[in-house]
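All remarks here apply to the structure that follows.
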Amino acid sequence: MKLAYWMYAGPAHIGTLRVASSFKNVHAIMHAPLGDDYFNVMRSMLERERDFTAASASIVDRHVLAHGSQERVVDNILRKDKEERPDLIILTPTCTSSILQEDLQNFVYRASIISDSNVIFADVDHYQVNEIQAADRTLEQVVRYYLDRLDRCYRQEKLDQFLTNAPSVNIIGIFTLGFHNQHDCRELRRLLRDLDIGINQIIPEGGSVEDLKNLPKAWFNLIPYREVGLMTAMYLNKEYGMPYISTAPMGAVDMAEWIRQIQKNVNTLTLSSSIKRVDYEHYIDGQTRFVSQAAWFSRSIDCQNLTGKETVVFGDATHAASITKILAREMGIRVSCSGTYCKHDAEWFKEQIQGFCDEILITDDHAEVGDMIAQMEPSAIFGTQMERHIGKRLDIPCGVISAPVHIQNFPLGYRPFLGYEGTNQIADLVYNSFALGMEDHLLDIFGGHDTKEVITKSLSTDTGLIWNPESRLELSKIPRFIREKVKINTEKLARQKGIETITVEVMYAAKEAFNS
């Protein structure tokens, strides 16, 4: 558990609530004090859904602290059971209520004896894991709960006796408040339909827990994002021998690899059936050349003008790794630094982007990311909403490629990041994120910018640097598209020399030092 005014991944209970509310007819109850129950507002505002199963709260107040929570928690579970008749009720504490160290597992056991609904306790350590890890663990726990109830002899039989007649897959990890998850899911449906592969189940979004018993009927599993769904896929692989593909189909190169992995799995399982082997190479070629415009665009003069420009990439492990490879491998753009806040997946991330960037940053401290960007002064940033705010302060454009999410990341139009249409969207995002310069240059020529004194911006609140009136006036005369770089270089030199008041002479000294 970490207390901060900005976190890339929220507290653990948010991850549990996201999984619970993604399933149909599953109700989540938070054991929480007032103030922790903001999830419903957040979801209704961002997802713009007309109807969803809202989470409820079993409030911890002074009466609970005085007499204990058992009676209230059990009563709330039974009340929701009678009112809504859910298939499953999930109880989760929040970080603050976990401090009470109450035996909530026992409360759940008592309620489950009386309740008609299934009741489980979210088995996550709220002090050790964040929102992403908790979501992954909760999804695996729900799937395990329903499959472990099946007769043990079912799992002893050969799996191929229970497979669907035609090739089919489960898509695991599409859930609420995910970054473009709904659009990505729509694109995956289209791709699988083109490949004549059926979809057995999509979980947790829109799935039913009562149907989880049919998960092993699919030929294999697809995990679009390794942040959520990988634990479930590993469990299904261990217990039922189900293969899984965890490659993110993002970018033309990884898209081709993803389809080839599907081909390999289908052909492996058709050896014992009458279904013909498949060959998707013609489909890959056609989609890459005619549906995806990204391959053509990367060879165009517009994209070649970006060659040599430096960028910084930061986000969750899946998106940051994929965008880094797309920029470096497919578009020829230099990635000065690539990083992720998924510290638990650091080894995989480093392995994926090795050789595609100059430096690697693994951190969940936004200040460290901000300082890195300020020092590198890239031409563009590709990151989260936090990097977007950092870019605004430094006057560096930023394309958002990863959660944490904002209302802007839930567009009404079709904006997938996965699939061949996703390659087009990413190419547009990359190109449009760079400041091409003409707009600001023309505004400066025709006096379009305001002439107010420049307010010194800095990511650090304790710089102690003062710009005197003459230097501030001189800075305001510099064209906007290079003004911020001049300011940063001048402040850098002032710190190196131990100068507290910046004058025009210091500005000229910085110009000579950094332009030589």
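The values are calculated or read from the model by the stated rules, or taken from the named source; none is laboratory data. Fair warning: this is a prediction, and the values are worked out from it, not measured in the lab. FYI the Cβ positions are ideal-geometry reconstructions off the backbone, even for glycines, and counts take in every protein chain you see. Heads up: the accessible areas ignore ligands, DNA and RNA and are worked out on the full protein's heavy atoms, side chains in. Shrake-Rupley method; radii C 1.70, N 1.55, O 1.52, S 1.80 Å.
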- request: Specify which residue in the list 255, 214, 288 is farthest towards the positive end of the charge dipole of segment 154-289, using unit charges on the beta carbon of Lys, Arg (+1) and Asp, Glu (-1), about the Cα centre.
  value: 214
task: Relative to the longest principal axis of the C-alpha atoms of the chain, give the angle of the C-alpha long axis of helix 480-497, reported between 0 and 90° and rounded to the nearest 10°.
output: 80
query: Given 499, 509, 482, which one lies farthest toward the positive end of the charge dipole of segment 466-515, if we put +1 on the Cβ of every Lys and Arg and -1 on the Cβ of every Asp and Glu?
result: 482
task: Compute the longest continuous run of the chain that contains no exposed GluC sites (Glu not before Pro); treat a site as exposed when its DSSP state is not H, G, I, E or B and it has at most 13 other Cβ atoms within 10 Å.
output: 158-452
Cβ charges +1 (Lys, Arg) and -1 (Asp, Glu), total dipole of segment 466-515, debye: 240
task: Whole number in Å², please: accessible area per residue of segment 243-377, 1.4 Å probe, ligands, DNA and RNA not counted.
output: 46
task: Please go through segment 289-336 and write out the trypsin sites (Lys or Arg not before Pro) that DSSP classes as loop and that have at most 12 other C-beta atoms within 10 Å.
output: 299
- line: Volume per residue (Å³) of the convex hull spanned by the alpha carbons of segment 295-446 is 127
- request: Please report, in debye to the nearest 20, how large the charge dipole of segment 154-289 is about its Cα centre when each Lys and Arg carries +1 at its beta carbon and each Asp and Glu carries -1 there.
  value: 240
Stokes-Einstein diffusion coefficient of segment 154-289, Kirkwood radius over Cα pairs, 20 °C, 1.002 mPa s, in µm²/s: 139
- request: Could you tell me what percent of the accessible area of the chain is made up of carbon and sulfur, with a 1.4 Å probe and every protein chain present?
  value: 50
query: Near the amide H of residue 179, under 5 Å away, which other amide H atoms are found, from residues 5 or more places off or on another chain, if H is placed in the peptide plane?
result: 403
message: Tell me the volume per residue, in Å³, of the convex hull enclosing the alpha carbons of the chain.
response: 176
query: How much mean residue ellipticity at 222 nm does the chain get from its helices, if each DSSP H run of length 4 or more adds -39500 (n - 2.57) and you divide by all residues, to the nearest 500 deg cm²/dmol?
result: -13500 deg cm²/dmol
- line: So for segment 466-515, using the alpha carbon gyration tensor with a ≥ b ≥ c as root eigenvalues (a/c under 1.5 gives rounded; past that, a/b versus b/c decides prolate or oblate), I'd call it oblate
statement: Output for segment 160-260: chymotrypsin sites (Phe, Trp or Tyr not before Pro) sitting in coil per DSSP, at most 11 other Cβ within 10 Å, listed by number, reads none
- prompt: Using a 1.4 angstrom probe and counting only protein chains, how large is the accessible area of residue 338 in Å², to 10?
  reply: 0
- prompt: So what's the angle, to the nearest 10 degrees on a 0 to 90 scale, between helix 104-114 and the longest Cα principal axis of the chain?
  reply: 40
query: Is there a pair in 82/213; 24/276; 264/350 whose C-alpha atoms are over 30 Å apart, and which pairs would that be?
result: 24/276
message: Just want to confirm a number: the relative contact order over segment 166-233, from Cα pairs under 8 angstrom separated by 6+ residues, in percent.
response: 51
- prompt: About its Cα centre, what dipole magnitude does the chain give when the only charges are +1 on Lys and Arg Cβ and -1 on Asp and Glu Cβ, stated in debye to the nearest 20?
  reply: 680
field: Solvent accessible area, Å² - residue 121, 1.4 Å probe, full protein context
entry: 40
- prompt: How far, in degrees from 0 to 90, does helix 504-515 lean away from the longest principal axis of the Cα atoms of the chain, to the nearest 10?
  reply: 70
Where 280, 109, 38 fall by accessible area, highest first, once all protein chains stay in place (1.4 Å): 109, 38, 280
